[in-house]
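One structure below.
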Amino acid sequence: MLRGVIPNNRCLALARLFALVLALAVIPAISQAGELQIRTSVDHFIKTKTPYKGNVGTSVLYRFDNGFFFGGTVYSAAFGDAGGLFIGGVEVGKQFRLGGGNFAEAAVFYGGGGGAGQVPGDGSLLRPRFMLGHDFDGLQLAAGVSYVRVTGSKISTPALELAFTAPFNLLSGFGHVDSCSSCDDMMGKLHVSLKEVKAVAKSFRPLNDGSRTAGKKLSPMFLAGTEFVFDFTQKFDIFFSAAGAAHGDGAGYAEWLAGLRYIHPIGPVDLFADAGLGFAGGGDVNTGGGFIGAANAGIEAHLTDWISLTASLGLTGAMNGKFLALVPAISIAAPLGGTAKDRGDTPLNPTKWRVSGGYSVIPSHKGMRKPGTGGSKSLGLINTKFDLMFSPRFYLSGQAYTITYGDAGGFAMGLVGPGYTIPVGDRFAISAEVLAGAAAGGGINTGGGAVGVVNLDLDYKLSSSVALGLDLGWIHSWRGGLDAPLIGLGLKVDFTTFQ
C-alpha cells in the first residue's frame, strides 16, 4: 500500500552513502588547515556509443594540508553533440607528493544528471580518477585517466583527462566569525572577495530559425537564476551564473556561465560591460555540443547598502550550434560590504553563510511523469544549498538539485527564497522556508518548469559550526503534475566571507 510513497532500499542506500561521504569529508575541516582551489578539466572518451564524446569539468575544492580534498564538481558536455548534458556532484580524494614538485592524485566523484536525450535511466555517476602532475609554485597541471559510467544509459567508457588547478584566494573564514585571521596574508597575494549575490530574471528572444534542434524557430523563453559576483580589481569583477527555463518555450533548458565584467562607476550607479563563456542545452534548444558565449552591457543602481537593481541587454549564442538570442535581463542584488565607489576604502566587512549538501527524495505519485514516459520509481536527488544570513535568524536560500535515481536522467531544479530559523535549546533549531524556482527534464511533468516549495528543517548541531539537518517539505508544479513531499538529509557548515 505504501509502495511509491516510501523510497525503496536502493534509494535509501544511496542517501546513506552520500551522507557518509559528506561526513567523512567535512568533519576533518574542524581541525585541519587548508586552502580553497578551483580546477578546470577537459576529458575525452575512449569508447563512445552515443553523441556524447567528452566534458569540461569545473570544481571548487578544499584541500587540507595532509593532501586530502573534497568539494563540488560539475561536468558539462563539450565534445560531440550532447549540448545540455550536465552531471553535478561531490568529489573526495587525496594527493600524494612524490618530490621535485611532482604528485599523484586519486579521487572518486559521485553525482548525477543527464540531458540531451542521452540518459533515459537514473543518471547516476560514480567516477574514479587517477592523475599524475606537477606543481608550478601553486599552479598545478595534471593528466590521467578516469572511468565514466552513467547508469540508465549507454555511456560506459574510460576517459583521458587533463586538469589545471589554481588557488582560489577567497577572503573567508570557517564558522560565523567577525574577523579574518588569514586575510592579511591573503591580501598580499592575488585574491578575490565575494562582492554580491544576484537573483536574475531574463528573456531569450531567438534571432534565427535554427534555434530549435528540429530546425524550427524557438519561441521566447523566460529564465530564472542566480549570479555570484567577485571583486577582482578596482575596475573588473569575475562572475559565475546559472539559470534555467521557468516559463515559455524551452522547458528543460539550463545554462551556466563564467566571465569578466568591466565596471565604470558614475555616482550612485555603475555602468558595465561583460563577456562570458559556459555551457547550455536541453529543452530542444540547438546548442550543438553545448559550448556557448554571452556578452552584455547594462547599468546597476545602488539603492541602499543592501539592495541594488540591474538592467542589461546582451546576446547569447552557441559556438557550434544555431542558437542565437537577444537577452534583456533584470536582477536584484545583495551587495556584501559596500558599493563600487567606496570599495577598497572601508574595513573588511563579514558576511555570514551556511552551506549544506545532502540527499533528497520525491516519492513517486500519480501525474509526476509526462504521459508515455513510463517509470514508477521515486526520485533521488543530490542537493546543494547556500544560505545568506542577513541576521542570526533570517536568511535567503539558493538551492540546486540533480537527479541520481528514478529513471529520470536529466531532471534538475533550482530554487530560491527566504527562510527563518528558531533555536530550540542549545543544539536544536527549526527553520521554515518558502521557495520558488525552475524544475524540468527527465520526463517529469513540471509544465513550463515553474515550481514552488515550502520546507521545514530540523537541525542538530554537531559542533558550533557543523549541523545535521532533516528536511521535510512539499514541492508543487504550478502547471504540471509534480505535487509531492520533498524529504532530505544533509550536513550544514557555517562560514564567513569578507569584503
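The values are calculated or read from the model by the stated rules, or taken from the named source; none is laboratory data. Source: prediction; values computed, not measured. So basically every Cβ, Gly included, is an ideal-geometry build from the backbone, and we count neighbours across all protein chains shown.
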Worksheet item: Applying the selection to the range 442-471, what residues are part of a loop (DSSP other than H, G, I, E, B) and within 19 Å of Phe174 (Cβ to Cβ)?
Response: Leu462, Ser463, Ser464, Ser465
Worksheet item: Hey, any hits in the range 398-420 for a residue that's surrounded by fewer than 21 Cβ atoms within 10 Å (Cβ to Cβ) and not in a strand (DSSP E or B)?
Response: no
Discussion item. On the basis of being surrounded by fewer than 22 Cβ atoms within 10 Å (Cβ to Cβ) and either over 27 Å from Phe279 (Cα atoms) or of a type in the set (Lys, Arg) (or both), does Gly71 make the cut?
Written reply: no
Fill in: Residue selected from the range 368-391 under the condition assigned to a loop (DSSP other than H, G, I, E, B) and at pLDDT 90 or above, by the criterion surrounded by the most Cβ atoms within 10 Å (Cβ to Cβ)
Met368
Worksheet entry | Yes/no for Gly276 being in contact with a Leu (Cβ under 6 Å, 6 or more places away or on another chain), of a type outside the set (A, V, I, L, M), in contact (Cβ under 8 Å) with a residue 12 or more places away in the chain and outside the structural domain of Lys492 (by TED's automatic domain parsing) | yes
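Residue by residue, here is whether (1) assigned to a strand (DSSP E or B); (2) farther than 18 Å from Leu207 by Cβ holds:
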position	(1), (2)
Leu257	yes, yes
Ile263	yes, yes
Asp270	yes, yes
Ala280	yes, no
Ala294	yes, no
Thr304	no, yes
Ala311	yes, yes
Discussion item. What's the number of the only condition in (1) buried (at least 18 other Cβ atoms within 10 Å of the Cβ); (2) in contact with a Pro (Cβ under 7 Å, 6 or more places away or on another chain) that Val434 fails to meet?
Written reply: (1)
Item to complete: Return the residue satisfying two criteria in turn: it lies in the range 349-365 and is closer than 20 Å to Ser465 by Cβ and modelled with pLDDT of 85 or more, and of such residues it is farthest from the chain's Cα centre (by Cα).
Response: Lys352
Practice prompt. Quick one: in the range 125-177, of everything that is on the phi < 0 side of the Ramachandran plot and among the charged types (D, E, K, R), which residue is modelled with the lowest pLDDT?
Written response: Lys154
Worksheet item: Which residues, taken from the range 448-483, are under 18 Å from Gly437 (Cα atoms), buried (at least 18 other Cβ atoms within 10 Å of the Cβ) and β-branched (Val, Ile, Thr)?
Response: Val451, Val453, Ile475
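Yes/no per residue for (1) at pLDDT below 85; (2) touching a Gly at 6+ places or on another chain (Cβ under 7 Å):
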position	(1), (2)
Ala251	yes, yes
Leu257	no, yes
Phe272	no, yes
Ala280	yes, yes
Leu309	no, no
Ala318	no, yes
Pro328	no, no
Worksheet item: Restricting attention to the range 114-137, does a residue exist that is in a strand (DSSP E or B), of a type in the set (Phe, Trp, Tyr) and under 21 Å from Gly380 (Cα atoms)?
Response: no
Practice prompt. List the number of the failed condition for Gly290; all other conditions in (1) modelled with pLDDT under 90; (2) small (Gly, Ala, Ser); (3) under 15 Å from Ala201 (Cα atoms) hold.
Written response: (3)
Worksheet item: Mind checking which pairs have a first residue in the range 243-263 that is surrounded by fewer than 23 Cβ atoms within 10 Å (Cβ to Cβ) and a second that is of a type in the set (Ser, Thr, Tyr) and not in a strand (DSSP E or B), Cβ under 7 Å, 6 or more apart or different chains?
Response: Gly248/Ser219; Asp249/Ser219
Worksheet item: Which one is nearest to Gly112 (Cα to Cα) among residues in the range 143-162 that are part of a loop (DSSP other than H, G, I, E, B) and under 24 Å from the mean Cα position of the chain (by Cα)?
Response: Thr151
Discussion item. Quick check on Tyr110: is it over 24 Å from Gly469 (Cβ atoms) and at pLDDT 85 or above?
Written reply: no
Discussion item. So Thr310 ticks every box in (1) under 22 Å from Ala78 (Cβ atoms); (2) hydroxyl-bearing (Ser, Thr, Tyr); (3) over 21 Å from the mean Cα position of the chain (by Cα) but one. Which box is left unticked?
Written reply: (1)
Discussion item. Condition first: more than 17 Å from Ser153 (Cβ to Cβ), modelled with pLDDT of 85 or more and surrounded by 18 or more Cβ atoms within 10 Å (Cβ to Cβ). Can you find one or more residues in the range 19-37 that meet it?
Written reply: yes
Worksheet item: Hey, does the range 188-211 have a residue that's charged (D, E, K, R), under 28 Å from Glu227 (Cα atoms), loosely packed, with under 14 Cβ neighbours inside 10 Å and modelled with pLDDT under 85?
Response: yes
